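What follows is a short report on a single structure.
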Amino acid sequence: MQHVYIGRQPILDSKSKLCAYEILYKGSVKALSRYSSASIINNVLNKFGTKALLGDRKGFVKIDEKFLMHDIIFSIPTEFFVFNIDEGVPMNEKVVERIEQLHAKGYSLSLNNLSIDEDTTYMYRKIFSKLAFVTVKVKQSSKIHLEEMIEEIHKENIIVVAADVDTAADYNEAQALKCDWFEGYFFSKPKILENAKYEPSQAAVLKLYNLLMQDVNIDEITQEFENNHEITVQLLQFINSGAFSFRTKISSIHHVLTLVGRIPLAQWLMLMIYSKSVTKEGHSPLMLMVKNRTELMENVLKILQPNVRSNMLGEAYFVGVLSLIDAVFKMPLSKILEQMNISDEVEKALLYKKGVLGEIYQLVHYIEAFNTEEIHLFEKKFNLPMESIERIALDSMRSVNQFEKPEVA
């Protein structure tokens, strides 16, 4: 039986709000051809589960002409997916009729990764009113014709999704073209200025972190928190938001230190700074990405070293939580680490991807890039069962989805 690797890529709006996911999938390394639309949707519904993979958002899933025209498509629930119609599907009379039927039944439809030229608008104009989305390849399109098409489809209230937005330059170009949503980890590759300075509140976070990691009196740590009111308020909101399960509400930093402990508090303090605050809208995509990385780092380490000690698990956590700290502080990572009391193992992993933690950190990047060949090589190197990393990745998705849910009053 052929094995399916499955993943997801975030789709964000112009305010960096997480709106949806694209579902990514490949066959096993021995057969890397794409699975059919029916197979992947079946895997999402029956093997992985929509809640685990998507949370409360919809998943864009690519469909070909064969699946589009098969009546099995009407058995798929309308609430979970956006059917992303492949660019190669011909817009003949039967296809247009099927699109109209799906639209009438409440399905969300999209055109998948179009390269826009002078013929594109004419080719698809007849179905614009039936579409909810159009995803476009900005870098492979004619800018003049792309601007014209975006203007026309916006009149139909269609959301334009820019695909393959991987850098700040890609993002700026897509914004200038008035794309609405953006797909890709563009926020994970921030432009760092060597002379950038971080804010006093960020410097205070580093000071608090170092106090927590050193043998400093608890009253001194409490006082330092109280001297930074904004940080204290955000941290208490965070602690009470569902991340921890306490019988009573936590009301003071002294209480947090007593119940949680210094190292867990330092870990969550670093994670907390990725979000200005915990709001009803949930956490920032950057924070969710870091949360996913910490889950992957810890859980992969556990299968590599079943008897791993808590201090090394803590180091694995810190690799994940510090991996995007330069995006927050707008400083080179090496400069930030100079000011922090971290171990050599964590520093080597973050800066050079060296050591066991460094190899796991590299694997995390492979998972995010959906590089199934490298994932398979990692499993082979450490004699892991083929589905080990896939299960861990799915468990991390579940954990992040649960983490994101705001507290219900």
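The values are calculated or read from the model by the stated rules, or taken from the named source; none is laboratory data. Treat the numbers as computed from the prediction; the structure is a model and nothing was measured. Counting neighbours? That spans all protein chains shown, and the Cβs are built from the backbone with ideal geometry, glycine included.
Remarks
- For Ser110, the criteria (1) over 21 Å from the mean Cα position of the chain (by Cα); (2) closer than 28 Å to Gly49 by Cβ; (3) at pLDDT below 95 hold in every case but one, which is (3).
- Checked against (1) touching a Lys or Arg at 6+ places or on another chain (Cβ under 8 Å); (2) small (Gly, Ala, Ser); (3) surrounded by fewer than 19 Cβ atoms within 10 Å (Cβ to Cβ), Gly320 passes all but condition (3).
- Restricted to the stretch 21-30, and to residues there that are in contact with a Phe, Trp or Tyr (Cβ under 6 Å, 6 or more places away or on another chain) and at pLDDT 80 or above, the residue that is nearest to Gly55 (Cα to Cα) is Glu22.
- Listed by first and then second residue, the pairs with beta-carbon distance under 6 Å, at least 6 apart or on different chains, first residue in the stretch 202-225 and touching a residue at least 40 places away in the same chain (Cβ under 8 Å), second assigned to a helix (DSSP H, G or I) and of a type in the set (Lys, Arg), are Leu212/Arg262.
- Residues that are modelled with pLDDT of 95 or more, assigned to a helix (DSSP H, G or I) and among the aliphatic types (A, V, I, L, M), drawn from the stretch 54-106: Val95, Val96, Ile99, Leu102, Ala104
- Of the helices (runs of 4 or more DSSP H) lying entirely inside the stretch 334-409, those containing at least 1 residues that are closer than 20 Å to Asn43 by Cα span 355-368, 372-381, 388-404.
- Number of positions in the stretch 57-78 that are within 21 Å of the chain's Cα centre (by Cα) and without any contact (Cβ under 8 Å) to a residue 60 or more places away in the chain: 5
- Residue in the stretch 116-131 that is within 30 Å of the chain's Cα centre (by Cα) and of a type in the set (S, T, N, Q) present: no
- Matching entry among Glu373, Glu379, Glu345, Glu359 (being touching a Gly at 6+ places or on another chain (Cβ under 7 Å) and at pLDDT 90 or above): Glu345
- Residue that is farthest from Pro264 (Cα to Cα), among those in the stretch 285-317 that are small (Gly, Ala, Ser) and surrounded by fewer than 20 Cβ atoms within 10 Å (Cβ to Cβ): Ser310
Residue-by-condition table, conditions (1) surrounded by fewer than 19 Cβ atoms within 10 Å (Cβ to Cβ); (2) under 24 Å from Leu286 (Cβ atoms); (3) not aromatic (Phe, Trp, Tyr):
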{"residue": "Tyr352", "(1), (2), (3)": "yes, yes, no"}
{"residue": "Gln362", "(1), (2), (3)": "yes, yes, yes"}
{"residue": "His365", "(1), (2), (3)": "yes, yes, yes"}
{"residue": "Leu377", "(1), (2), (3)": "yes, no, yes"}
{"residue": "Asn383", "(1), (2), (3)": "yes, no, yes"}
{"residue": "Ser388", "(1), (2), (3)": "yes, no, yes"}
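- Considering only residues in the stretch 113-122 that are surrounded by 14 or more Cβ atoms within 10 Å (Cβ to Cβ) and within 19 Å of Lys155 (Cβ to Cβ), the one that is modelled with the lowest pLDDT turns out to be Thr121.
- Pairing residues of the stretch 331-351 that are in contact (Cβ under 8 Å) with a residue 24 or more places away in the chain and more than 22 Å from Ala204 (Cβ to Cβ) with residues that are surrounded by 15 or more Cβ atoms within 10 Å (Cβ to Cβ) and basic (Lys, Arg), at Cβ distances under 9 Å and at least 6 apart in sequence or on separate chains, gives Glu345/Lys354.
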